[in-house]
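The values are calculated or read from the model by the stated rules, or taken from the named source; none is laboratory data. Everything numeric here is computed off the predicted structure, so don't read it as measured data. Using ideal geometry, Cβ is built from the backbone for each residue, glycine included, and neighbour counts are taken over all protein chains shown.
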Number of protein chains: 2
Amino acid sequence: MVNVGADLFADAIEAQGIAVTRVAWRPPAGDQLALVTLLADQKVEEANKIAVERMLSAHPVIVDVRPAHEVIPALQKHKLLHAGPPIGWERMCGPMRGAVIGACIYEGWARDESEAVALAESGALNFEPCHHYNAVGPMAGITSPSMPVFVVEDKTHGNRTYSTLNEGLGKVLRFGAFGPEVIERLRWMQEVPGPALGRAIRALGGIDVRAIISQALQMGDECHNRNKAATSLFVRQVGAALVETGSSREETASVLRFIAGNDHFHLNPSMAAAKAITLAGAHVPRSSVVVTMARNGVDFGIRVSGLGDRWFIGPAQYIQGLYFAGFGPEDANADIGDSAITETSGVGAFAMAGAPAIVQFIGGSPSDALRYTREMYDITVASNPLFGIPSLDFQGVPTGIDIRQVCRLNMLPVINTGIAHRLPGVGQVGAGVVYPPMECFEKALAALKEDTYHE
Amino acid sequence: MVNVGADLFADAIEAQGIAVTRVAWRPPAGDQLALVTLLADQKVEEANKIAVERMLSAHPVIVDVRPAHEVIPALQKHKLLHAGPPIGWERMCGPMRGAVIGACIYEGWARDESEAVALAESGALNFEPCHHYNAVGPMAGITSPSMPVFVVEDKTHGNRTYSTLNEGLGKVLRFGAFGPEVIERLRWMQEVPGPALGRAIRALGGIDVRAIISQALQMGDECHNRNKAATSLFVRQVGAALVETGSSREETASVLRFIAGNDHFHLNPSMAAAKAITLAGAHVPRSSVVVTMARNGVDFGIRVSGLGDRWFIGPAQYIQGLYFAGFGPEDANADIGDSAITETSGVGAFAMAGAPAIVQFIGGSPSDALRYTREMYDITVASNPLFGIPSLDFQGVPTGIDIRQVCRLNMLPVINTGIAHRLPGVGQVGAGVVYPPMECFEKALAALKEDTYHE
């Protein structure tokens, strides 16, 4: 007896003592006519090939660290960038509200929480997604004008992308903490590590972040929730230049200690690099390749190469994973952050086969890590030869999520991620695995059919 | 048809068109009576348990960098330590002779090659194995009085072990180069990185090298021929202290650049740590656990816990592996160096399952890397829970080679290693996999039986 798809039938037959071979199959998702039409369209295939070739040829290099307002001129007083698709104060989740409050205090727009809340409620604050300015921020992703940001340049296509400096773990703004120690750290980052890193990186003529990711993927990182190798390689590469361009011995030592003390320091440059890779594949007419996946803690949004800057939205999901001691699912916020740009570019959970040690942090077993990567080849257009996984005989990471294959196989892209507490200021309470809502892909599929054949 | 052992029979039967299931089996090595007697001896089992428990509880920490003569007082004028079992000038291979010449020039005992050779031929030089002073040196392993050495202390048992600073690749003393740039680099290492690292490590109160190895094994290193993660973690850990204790900005930057520029910098502290681990297991009466494997380029020597300081010697073998462009087997020296102490302690080739990317350097495929580790469990007493391999579900590395199992299974410990050119001064020409000669283990087995039952 061979059973294809729904286990219900197999269970019933097995209960009668008959051996059943189960073949995994799920009915396709989305509009079936749109799916069949787009799957058969050679022009979509060709567009996807172009989009992914651009992604694979992108060459992100960290060229500078600058105050955000210098490189994103629109980022002026009372304007804040946030993670995920567009959202206003009234719908924001706890950790994002906390980060907004902290940013208002940090920028001097409010003296305390109540002034910041009043400012937000008055409508005076102007919120926009980081992605609208080619920036990406982990968790709440709040980026304010004075924060230093990594400037990553795609040397192949000339695009520039941005990401803030990682604050570390514990009480940090990106998890919605806004106490005095958070604000002080942000001000110190603005005064010391930001300028110091900018000087060192300029003196080095840039740091090849694509090369760091490539090496880190052979060193147990997947460059989303495991960034230990990339962080170590970054310190190793920037150390001498930090010393040579440092303003004092004490400051240089404090910067080195700050970076060395945070295994996730390199998450942010990796995210900016992933943004540069996906941006290179954007805006190819007819292409069904996903170029953005991002969450604001309430909504999950995707953008698709052939569909311009339109967001396709569904509800952010809850994460399955491991909780830190003293926390459980009742504490969890829904999925949040721009960090799913890593998976969109082919790393993160898509590269977990090379990062088996990550299961200590997000749960599961090393064989699960292998399985996640293997499955993703079914919904992607290509593999990236520059990002090889040793344990898969150096096969490249699966790259270029095709919304047609996601719907055809009813198989969602996997994302590994931190779990934020649902209240502002508590911080990270765990890490695990999460999926986007299928409706993002169904809506995008319908829109791509609409655009392609009815315009 | 089931065939156990020799393939000759299976081949003949298969040639007649009959299906054959092959079961690997080789006749035991060594004296069969000694083997059967020692395998049945419960006191050997108990002694091995003690030896390996001591190895697993060893806690090596880098506590200092000092001139060799300060920490090894016997190392005075005209005395040199070398890799492997004892050997004199007349039997030394090319790269070791080259390193001796370089060390004589570096120490000011000779002005040039001909003076150094005359000194060596006069019998005025006093050679002794590094291992006799709890030191270990990669390749030629020549250690002279003025060279700075890492001082590693086993915080559990109090032993101290030593290893020189790694010079980098290319023209370096350990491969027998002795040109002016080699001597200049050694003098600079004595004047700048040696004292700088000593100050920084003392200021840090030591660097937990066991913790670095443990992390590096989860980051694609096996800590013998892949040291990229360990080197990066070392830089990350020592960076701020180097800055704080540095004598000038230029010197600190030069030290950071020197370490960061050499993916193998951490080989030497890993070797000193491996020496500390194996030393902890030495001198347990009746134990059949190997505590030293070392090669001088001519002889391979092992020492066994229950057999004191006696060396059991056989001819050093030739390495199977990958050659650098322009070189081939005709250029290769036989197996050389103390670095097989890593395998003796449970890492190196024994941990290759966690370092699949190493096959790009030594040849073979990632599945070979898995197989090497898996096979070594058959000839070792325990696995080391502190050194877990993620891809093996965090199983610890196979630790404590038992000469009885090596002989019973006729299965030799695997070693991965660099290939030195047979002439002095050329340097590394490749890397690969090598085995000790079986006679070392056969001789040790006979000696252990002799000692145990006839004294």
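The table below lists the values:
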| quantity | calculated |
| --- | --- |
| The stretch B:382-408 - residue that is surrounded by fewer than 24 Cβ atoms within 10 Å (Cβ to Cβ) and hydrophobic (A, V, I, L, M, F, W, C) and, of those, farthest from the other protein chains (Cβ to nearest Cβ) | B:ALA382 |
| Of all residues making up the stretch B:284-320, the number that are in contact with a Ser or Thr (Cβ under 8 Å, 6 or more places away or on another chain) and among the small types (Gly, Ala, Ser) | 5 |
| Flag if A:ALA177 is part of a loop (DSSP other than H, G, I, E, B), more than 8 Å from every other protein chain (Cβ to nearest Cβ) and farther than 26 Å from A:GLU343 by Cα | yes |
| Top-ranked residue of the stretch B:284-297 - restricted to ones that are among the aliphatic types (A, V, I, L, M) and under 26 Å from B:ARG91 (Cα atoms), ranked as surrounded by the fewest Cβ atoms within 10 Å (Cβ to Cβ) | B:MET293 |
| Subset of the stretch A:363-388 (residues that are within 16 Å of B:SER391 (Cα to Cα) and in contact (Cβ under 8 Å) with a residue 24 or more places away in the chain) | A:GLY363, A:GLY364, A:TYR372, A:THR373 |
| Test: residue in the stretch A:379-387 that is within 19 Å of the chain's Cα centre (by Cα) and over 20 Å from A:ILE212 (Cβ atoms) | yes |
| The lone exception for B:GLY281 - which of (1) at the interface with chain A (Cβ under 8 Å from one of its Cβ atoms); (2) crowded, with 22+ Cβ neighbours inside 10 Å it fails | (1) |
| Qualifying residue in the stretch A:355-371 (condition: over 22 Å from A:ALA334 (Cα atoms), within 14 Å of chain B (Cβ to nearest Cβ) and basic (Lys, Arg)) | yes |
| Set B:MET376, B:MET352, B:MET411: member being in the same structural domain as B:GLU442 (by TED's automatic domain parsing), closer than 30 Å to B:GLN32 by Cα and in contact with a strand residue (DSSP E or B) (Cβ under 8 Å, 6 or more places away or on another chain) | B:MET376 |
| Filter result for the condition that a residue is without any contact (Cβ under 8 Å) to a residue 12 or more places away in the chain and surrounded by fewer than 24 Cβ atoms within 10 Å (Cβ to Cβ), over A:ALA241, A:ALA332, A:ALA260, A:ALA325 | A:ALA325 |
| Near pairs, Cβ below 7 angstrom, 6+ apart or cross-chain, from the stretch B:95-110 (crowded, with 21+ Cβ neighbours inside 10 Å) to any residue that is in a loop (DSSP other than H, G, I, E, B) and of a type in the set (S, T, N, Q) | B:PRO95/B:ASN333; B:ALA103/B:SER144; B:TYR106/B:SER144 |
| Residue check, A:ALA196 in contact (Cβ under 8 Å) with a residue 12 or more places away in the chain, surrounded by 22 or more Cβ atoms within 10 Å (Cβ to Cβ) and over 22 Å from A:ALA276 (Cα atoms) | yes |
| Checking B:MET411 against (1) at pLDDT 95 or above; (2) buried (at least 24 other Cβ atoms within 10 Å of the Cβ), the condition it does not meet | (2) |
| Subset of the stretch A:111-152 that is part of a strand (DSSP E or B) and of a type in the set (Val, Ile, Thr) - its residue that is surrounded by the most Cβ atoms within 10 Å (Cβ to Cβ) | A:VAL152 |
| Members of the stretch A:207-262 that are hydrophobic (A, V, I, L, M, F, W, C), outside any helix (DSSP H, G or I) and within 7 Å of chain B (Cβ to nearest Cβ) | A:MET219 |
| Filtered residues of the stretch B:42-94 (kept if among the basic types (Lys, Arg) and buried (at least 22 other Cβ atoms within 10 Å of the Cβ)) | B:ARG54 |
| Residues that are over 16 Å from the mean Cα position of the chain (by Cα) and surrounded by 24 or more Cβ atoms within 10 Å (Cβ to Cβ), drawn from the stretch A:211-229 | A:ILE212, A:ALA216, A:LEU217, A:GLN218, A:MET219, A:GLY220, A:LYS228, A:ALA229 |
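Yes or no, residue by residue, for (1) assigned to a loop (DSSP other than H, G, I, E, B); (2) hydrophobic (A, V, I, L, M, F, W, C):
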| site | (1), (2) |
| --- | --- |
| B:LEU279 | no, yes |
| B:ARG295 | no, no |
| B:PHE300 | no, yes |
| B:ARG303 | no, no |
| B:GLY306 | no, no |
| B:TYR318 | yes, no |
| B:GLU330 | no, no |
